[in-house]
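**Student:** Please find one structure pasted underneath; my questions will follow.
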Amino acid sequence: MELRHLRYFIQVASDLHFARAATRLGISQPPLSQQIRQLEEEIGVRLFERTSRRVALTPAGTLFLDAARETIRQADRAVEIARRAARGDIGALSIGFNPSAPFIPPVALAINAYRRTYPDVQLSLTEMGAPDQITAVESRALDIGFVRHFGPPALPEGVAATRLLSEGLFVAMRADHPLATRSALRLADIAGEPMVVYGRDRSGCFSDRIFAMIREGGGEPVVAQRVGEASTLLGLVAAGVGVTIVAASLCALQSTGLTYLPLLDPQARTDMWLIHHRQSATLPCRHFIAIVEEGLAADHAVAA
């Protein structure tokens, strides 16, 4: 039994007239009558009562009509699903991100634009550290990652990176901290200050690079507490446990009693990178990257 047999049967059952049904189907009447007879022979049941004056469904034909229509609906739905999957309109997209990524306009705008453009793609967003993201992208457990790094990140051969932006670093501290009266700071100013920092599994090389910059200035970092979440980081700073250094985008997280001061050191800058697997990216992944690239191109055009 072929789907066209069911479509022919449904049309005849709707018109109860072979000639009219043949015209609607775009075929001549004799082949249509032959196809219906073949269908009845195949299933071993008469579907129509035929006389010289009328065509009517048999009781079995009436029940078969409902089942045939449902079969065609399911077949049409399967075809549409396949076509939408081929266009990337459905499927899944998994994205990893670091704590500051949602506060960066190119990231937030891309996610919002993707959700509006491809609402039926299942979007999975997971906060994780840079090392875990890189491993997950390499193994294809993630499609996309947003990682923070000082300069291009060291990546496996199969993983590519695109820089989204470079931004300055800020020192976050309580508003009543002795340094809070300044308009800006240098790394040397916080040497010896107790610091709240991310654990290395969360920050990748971020904390290590901050420590290295402090040491390059002749100071020695003092770690008061290591944390895993941005909210905990700033919460402990607000509680007076120590100061911390964050990217400019995280200054959007305002907390009562916190002050953010920019660092003037030229090297006190960090980059946000989009990473993805170089080969065989899924269509949802390629569509997301295209949206990010369109946003970056628009930003560059405005800046120019």
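The values are calculated or read from the model by the stated rules, or taken from the named source; none is laboratory data. Fair warning: this is a prediction, and the values are worked out from it, not measured in the lab. Positions of Cβ are backbone-derived with ideal geometry, glycine not excepted, and every protein chain shown enters the neighbour counts.
**Student:** Go through the range 58-105 and give me each residue that's over 16 Å from Cys285 (Cα atoms), modelled with pLDDT under 90 and surrounded by 14 or more Cβ atoms within 10 Å (Cβ to Cβ).
**Tutor:** Within the range 58-105, Asn98, Pro99, Ser100, Ala101, Pro102, Phe103, Ile104 qualify.
**Student:** Just to be sure I understand, how many residues within the range 135-166 are outside any helix (DSSP H, G or I) and either of a type in the set (Asp, Glu) or within 21 Å of Arg269 (Cβ to Cβ) (or both)?
**Tutor:** Filtering the range 135-166 for residues outside any helix (DSSP H, G or I) gives 139-166.
Now drop any that are not either of a type in the set (Asp, Glu) or within 21 Å of Arg269 (Cβ to Cβ) (or both), which leaves 143, 145-155, 157, 161-166.
The total comes to 19.
Conditions (1) within 24 Å of Gly199 (Cβ to Cβ); (2) outside the structural domain of Thr232 (by TED's automatic domain parsing); (3) in contact (Cβ under 8 Å) with a residue 40 or more places away in the chain; (4) surrounded by fewer than 15 Cβ atoms within 10 Å (Cβ to Cβ), marked per residue:
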residue	(1), (2), (3), (4)
Tyr118	no, no, yes, no
Gly145	yes, no, yes, no
His149	yes, no, yes, no
Pro156	yes, no, no, yes
Ala160	no, no, yes, no
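**Student:** Can you find even one residue in the range 206-218 that is among the hydroxyl-bearing types (Ser, Thr, Tyr), touching a Leu at 6+ places or on another chain (Cβ under 8 Å) and either part of a helix (DSSP H, G or I) or touching a residue at least 24 places away in the same chain (Cβ under 8 Å) (or both)?
**Tutor:** Of all residues in the range 206-218, those among the hydroxyl-bearing types (Ser, Thr, Tyr) come to 207.
Right, trim to touching a Leu at 6+ places or on another chain (Cβ under 8 Å) and you get none.
For the range 206-218, residues among the hydroxyl-bearing types (Ser, Thr, Tyr), touching a Leu at 6+ places or on another chain (Cβ under 8 Å) and either part of a helix (DSSP H, G or I) or touching a residue at least 24 places away in the same chain (Cβ under 8 Å) (or both): absent.
**Student:** Condition (residue is modelled with pLDDT under 85 and either loosely packed, with under 14 Cβ neighbours inside 10 Å or over 30 Å from Ala141 (Cα atoms) (or both)) applied to the range 274-285: is it met by at least one residue?
**Tutor:** Within the range 274-285, one or more residues are modelled with pLDDT under 85 and either loosely packed, with under 14 Cβ neighbours inside 10 Å or over 30 Å from Ala141 (Cα atoms) (or both).
**Student:** Same structure again: Of the residues in the range 50-104, how many are aromatic (Phe, Trp, Tyr) and assigned by TED's automatic domain parsing to the domain that holds Leu233?
**Tutor:** 2
**Student:** Which residue pairs have Cβ atoms under 8 Å apart, sit 6 or more places apart or on different chains, and have a first residue in the range 9-30 that is without any contact (Cβ under 8 Å) to a residue 40 or more places away in the chain and surrounded by 14 or more Cβ atoms within 10 Å (Cβ to Cβ) and a second that is among the aromatic types (Phe, Trp, Tyr) and part of a helix (DSSP H, G or I)?
**Tutor:** Ala21/Tyr8; Leu25/Tyr8; Gln29/Phe18
**Student:** I'm told Ala130 meets every condition in (1) over 14 Å from the mean Cα position of the chain (by Cα); (2) at pLDDT 90 or above except one. Can you identify the failing condition by its number?
**Tutor:** (2)
**Student:** Looking only at the range 67-89, decide whether some residue is under 28 Å from Glu293 (Cβ atoms) and within 14 Å of the chain's Cα centre (by Cα).
**Tutor:** Checked the range 67-89: at least one residue is under 28 Å from Glu293 (Cβ atoms) and within 14 Å of the chain's Cα centre (by Cα).
**Student:** Sort out which residues of the range 225-255 are in contact with a strand residue (DSSP E or B) (Cβ under 6 Å, 6 or more places away or on another chain), within 19 Å of Thr270 (Cα to Cα) and either aliphatic (A, V, I, L, M) or part of a strand (DSSP E or B) (or both), and write them in order of number.
**Tutor:** Listed by number, the residues that qualify are Leu233, Val243, Thr244, Ile245, Val246, Ala247, Ala248.
**Student:** Separate question: Out of the residues in the range 261-272 meeting the condition of being assigned to a strand (DSSP E or B) and surrounded by fewer than 18 Cβ atoms within 10 Å (Cβ to Cβ), tell me which one is nearest to the chain's Cα centre (by Cα). Break it down into steps so the answer makes sense when it comes.
**Tutor:** Filtering the range 261-272 down to residues assigned to a strand (DSSP E or B) leaves 261-263, 269-272.
Narrowing further to those that are surrounded by fewer than 18 Cβ atoms within 10 Å (Cβ to Cβ): 262, 269.
On the way: Pro262: 32, Arg269: 27 Å.
This residue is Arg269.
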